[in-house]
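J.: Got a structure for you, written out below as structure tokens; questions coming shortly.
Just so you know, all these numbers are worked out from the coordinates, no wet-lab data involved. Just so it is clear, the model here is predicted, and its values are computed rather than measured. Note: ideal-geometry Cβ built from the backbone for every residue, glycine included; neighbour counts use all protein chains shown.
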Amino acid sequence: MPEGIAVEYPIEVVWEGGRRYRGGPAGGPLHVVDGNREAAPSPVDSVIVALASCSAIDVVDILEKRRTPAAALSVSARFSRAPVPPRRITDAHLTFRVATDSPREHVERAIALSMEKYCSVANSLAGDTRLSWDLALTPAADAGSIEPAGSAASSDSSEPAGSAASSDAAEPAGSTESTESTESTESTGFAESSGFAESSGSAGGPA
């Protein structure tokens, strides 16, 4: 594994009472996590939010580079956790709903590049975490039909790209998870490579 480059800013987290914490880059924007899922997502839920948003940032950026930008995009995630503490994430399946005039194979390629190569969050999970995804593609003119993330509905052109394993994601009251849940706005380094220009569509994320 290559030696890491230290991030210039620290992450500060402050307890706000109960199981709520507010954190983020020192002097920068903050968000809340709540172990009880009352005021905000839990730490583990926040990791899944970070995974979905990190990959979505890549997909939008790649499609913009292709000059066939996304008119709308949402991501729905299902995930599984180990049955005993530390109840780590074992599987995650992302459904990308994208409205764009880009050909399907280009959108699939963008997602595959993110999940396999560029998404910092995906590549920070344990090596045996099973990641998969599928794509529901909609013409840009129908961007208003893209359902918000978390909706059970999906576009009519969904094409599975991998198996999804879902489970109850509830955390026990005694959970001591402290997983980092933030991701910088420049989620990956994909822009440094021209690999996204290839049009060989991928039908699955990494194992």
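J.: Pull out the extension gain between E16 and A143, defined as 0.36 nm times the separation in residues minus the alpha carbon to alpha carbon distance; nm, one decimal. Please list the in-between numbers first.
T.: Values: separation 127, 0.36 × 127 = 45.72 nm, distance 3.89 nm.
Length gained between E16 and A143: 41.8 nm.
J.: For D91, list long-range residues whose amide hydrogen, built 1.01 Å from N in the peptide plane, is under 5 Å from its own amide hydrogen.
T.: The answer is S80, R130.
J.: Whole Å is fine, so just give me how far the alpha carbon centre of region 67-116 lies from that of region 1-66.
T.: First find each Cα centre; the distance between them is then 17 Å.
J.: Here is a further query. Starting with the highest mean, order 13-20, 89-96, 61-68 by the number of other Cβ atoms within 10 Å, averaged over the residues of each peptide.
T.: Details: 13-20: 12.8, 89-96: 22.4, 61-68: 17.1.
Order by mean packing, descending: 89-96, 61-68, 13-20.
J.: Skipping prolines and chain starts, which residues have an amide H placed within reach, meaning under 5 Å, of the one on W133, given they are 5 or more residues away or on another chain?
T.: Here L94, A161, G162, G205 satisfy the definition.
J.: By how many nm would the segment from E105 to H31 grow when fully extended, if each residue of separation counts as 0.36 nm and the alpha-carbon distance is taken off? Could the numbers behind the result be given before it?
T.: Values: separation 74, 0.36 × 74 = 26.64 nm, distance 3.55 nm.
Residue separation times 0.36 nm, minus the Cα-Cα distance, leaves 23.1 nm.
J.: Still on this structure, I have one more. Want the number for R78 to E64: 0.36 nm per residue separation, take away the alpha-carbon distance, what's left? Display every interim value, and only then the final one.
T.: Numbers: separation 14, 0.36 × 14 = 5.04 nm, distance 2.70 nm.
So the chain would gain 2.3 nm between R78 and E64.
J.: What does a probe at Y9 reach in region 25-58, counting residues whose amide N is under 15 Å from the point 7 Å along Cα→Cβ?
T.: Only 25-32 pass the distance filter.
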